[in-house]
Amino acid sequence: MAVKTMTKLTLGPIAYHWSADARRDFYARIADEAPVDEVYLGEVICSKRAPFHEADLPATIERLERAGKRVILSTLAEVMLKRERKATEDIAEMDSAEIEVNNAAGLFARGKRPHRIGPFMNAYNEATIAWMAGQGATHVCLPAEMPAPAIAAAARAAGALGLGVEVQVYGRASLAVSARCYHARAHGRTKDNCQFVCEEDSDGMPLRTRDDRPILRVNGIQTLSESYIDLLPEAACLIADGVTHLRLMPQAVDMVAVAQVFRDVLDGHVPTGEADAHLAMLSGHAGLSNGFYHGTAGYRRIAAAAPA
Amino acid sequence: MSLAELICPAGTPAALRTAVDAGADAVYCGFQDATNARNFPGLNFTPDELAEAVAYAHARGTKLLLALNTYPPAGKVDLWRQAADTGARLGVDSFIVADMGVADYIARTYPGIRLHLSVQAAASSPEAIRYYCENFGVKRVVLPRILTIPEIRQIRREIPCEIETFIFGNHGLMVEGRCSLTNYLTGQSTNMDGVCSPASDVEYVRDADGSMSSQLAGFTIDRFGPEEKTGYPTICKGRYAAPHRPEGYYAFEEPISLNLSRLLPDLIEAGVHAFKIEGRQRSKSYVRGVVRAFRAAVDDIKAGREANIADLIALTEGQKQTQGAFETKKWR
């Protein structure tokens, strides 16, 4: 168990366009109640949203740090427009902050100053991770689609270089980003006159196949999985393979309770099977999946080989 | 004026010879494995075939570019390194890469061979492009299909390398190199395996009412009425229902081809060095027709003549076409 308690639980950046009020309330609860060690903040998906909540950022950081959380600022996944280049550079230039880079434009601006590698950076293998470590990376979050053997090989290499290794264990998987806003498109608008219609869907806009099967979620320029990734049953294997940080992605569910479920399993307080049943309940209508980890279709749910 | 090279697809040895004969300045191809983003059954080259292809192309003054543009999963990096070693030994003119580890290996091991940054690297800003130029000596960037011409012109001013843009063929909607849609439904990864909506997972199912469902791995990607032409189930070109669109709509994009023939003069003027034609999965006759038509058009423009655009438009007759992001940012 001693090894397990070394494992850090992190909260990824909010992917959706939650209102400033909703974000304030969310992070206040996280600060006060959630047993997460590290919290990633910042707008990663759409640069148009940032003005709505960036003014609150200093207060949110202070609140979380006072509660003992380590705060990391994440940069945009897609950098194309002037305001996106500027936003990325502004974060990369903050010497005092710990940052997670999600686009090569951020790597360019950060130079060899320490930084984390975000899940959009495509750090799939030991050669790339070694390259990144040589450029100042201290930590790497692996792409959500990586299967277990590749995670283990990447974690081994990253660990040998002294890097932290993070894997998303809860929440919708980011499956694609685009220059086009699909939220705006669904409402007959374009990205430039979107009127922030993505705010209507706090857990993404559901897409169903024409024979009425849930398939994907739209979040502005991002496409997400319909199912939530759930690697709670696989957490022990991830840790044994050298993963040091487990990432929970914020969804429109009780994330404090979700974090508690993971913490209880990591601390050995609750058996995995019982905890996973609780997690399914907390996740409401969302299906849970672990297919990527098991090297099969991501939406699939593969039963654990043996009870934990 | 820029060089306006014509970069043409070669999915097979026969297509390669066809593209060379039809006037390609360069052809691009890959090996028969996960090291390139068109890892489709029946496509691509064995090392022996590549050796012959290099000889054929070079004898006719055509360059050969080798696509090593997927992302090796940890534990399998050697396959990509071996592919680079083989390509270097056979004398390819450039490697097209996306993964930083692969780029680093080639830059260190084969500093004399040009590196091109694949569209799969998704470098869409001057800073991102400069990162690859300064660290790996990248000589050319293949730009994502998401930029307008004024944006390309601006990027051109701020980067030290050549620019290649797609001008014709399949119109990918997602940022390349950042898409796991196929892996989510099929278990095969576009980034790690070079697979996109694979034919092995496709089924067409006739429904009771006479309509046809095109399915991928059991998911209905679209449904066509008895009078409609059935389309291939590419995930990002399917029709889905959303809360505000219960009738089903093209949530991402219609099945549409990119055709920038009308914009060729503007692209040359903006400083684009090379035009890329998509379609390594296409037939020999398709390659012949498209390459010939674009060869003539580019030559006309370079000579100051009016290009015969009608021939290029005819290439996609009966198919919907778009100028995508290149024409207007309203596309976004």
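Values as computed for the structure displayed
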{"quantity": "Which listed residue is in contact with a Pro (Cβ under 8 Å, 6 or more places away or on another chain), modelled with pLDDT under 95 and surrounded by fewer than 21 Cβ atoms within 10 Å (Cβ to Cβ), from B:S211, B:S200", "calculated": "B:S211"}
{"quantity": "Region B:13-32 residues that are without any contact (Cβ under 8 Å) to a residue 24 or more places away in the chain, paired with ones that are assigned to a loop (DSSP other than H, G, I, E, B) (beta carbon under 8 Å, 6 or more apart)", "calculated": "B:Q32/B:N39; B:Q32/B:L43; B:Q32/B:N44; B:Q32/B:T46"}
{"quantity": "Residue satisfying all of: in region B:104-117; assigned to a strand (DSSP E or B) and of a type outside the set (A, V, I, L, M); farthest from the other protein chains (Cβ to nearest Cβ) among these", "calculated": "B:R114"}
{"quantity": "Condition check for B:G101: assigned to a helix (DSSP H, G or I), modelled with pLDDT of 95 or more and closer than 12 Å to B:F31 by Cα", "calculated": "no"}
{"quantity": "Yes/no for B:R332 being surrounded by 15 or more Cβ atoms within 10 Å (Cβ to Cβ), charged (D, E, K, R) and under 19 Å from the mean Cα position of the chain (by Cα)", "calculated": "no"}
{"quantity": "Every pair of residues 6+ apart whose Cβ atoms lie under 6 Å, when the first sits in region B:169-182 and is within 7 Å of another protein chain (Cβ to nearest Cβ) while the second is charged (D, E, K, R)", "calculated": "B:L173/B:E253; B:S180/A:E145"}
{"quantity": "Strands (runs of 3 or more DSSP E) wholly inside region B:193-271 that include at least 2 residues being in contact (Cβ under 8 Å) with a residue 40 or more places away in the chain", "calculated": "B:257-259"}
{"quantity": "Hits in region B:117-161 - residues which are at pLDDT 95 or above, surrounded by 24 or more Cβ atoms within 10 Å (Cβ to Cβ) and among the β-branched types (V, I, T)", "calculated": "B:V119, B:I129, B:V138, B:V141, B:V142"}
{"quantity": "Selection within region B:63-90 - surrounded by 24 or more Cβ atoms within 10 Å (Cβ to Cβ) and either charged (D, E, K, R) or more than 14 Å from chain A (Cβ to nearest Cβ) (or both)", "calculated": "B:L64, B:L65, B:L66, B:A67, B:G87"}
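Residue-wise test of (1) at pLDDT below 95; (2) within 10 Å of chain B (Cβ to nearest Cβ); (3) closer than 18 Å to A:L161 by Cβ.
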residue	(1), (2), (3)
A:R85	no, yes, no
A:D90	no, no, no
A:S96	yes, no, no
A:I99	no, no, no
A:F108	no, yes, no
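Here is a yes/no grid of residues against (1) assigned to a helix (DSSP H, G or I); (2) buried (at least 19 other Cβ atoms within 10 Å of the Cβ):
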{"site": "B:S285", "(1), (2)": "yes, no"}
{"site": "B:V291", "(1), (2)": "yes, yes"}
{"site": "B:F294", "(1), (2)": "yes, yes"}
{"site": "B:I301", "(1), (2)": "yes, no"}
{"site": "B:G304", "(1), (2)": "no, no"}
{"site": "B:A307", "(1), (2)": "no, yes"}
{"site": "B:D311", "(1), (2)": "yes, no"}
{"site": "B:F326", "(1), (2)": "yes, yes"}
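The values are calculated or read from the model by the stated rules, or taken from the named source; none is laboratory data. As the structure is a prediction and not an experimental result, all values here were calculated from the model. When we count neighbours, we look across all protein chains shown, and the Cβ atoms used for this are built from the backbone with ideal geometry, even at glycine.
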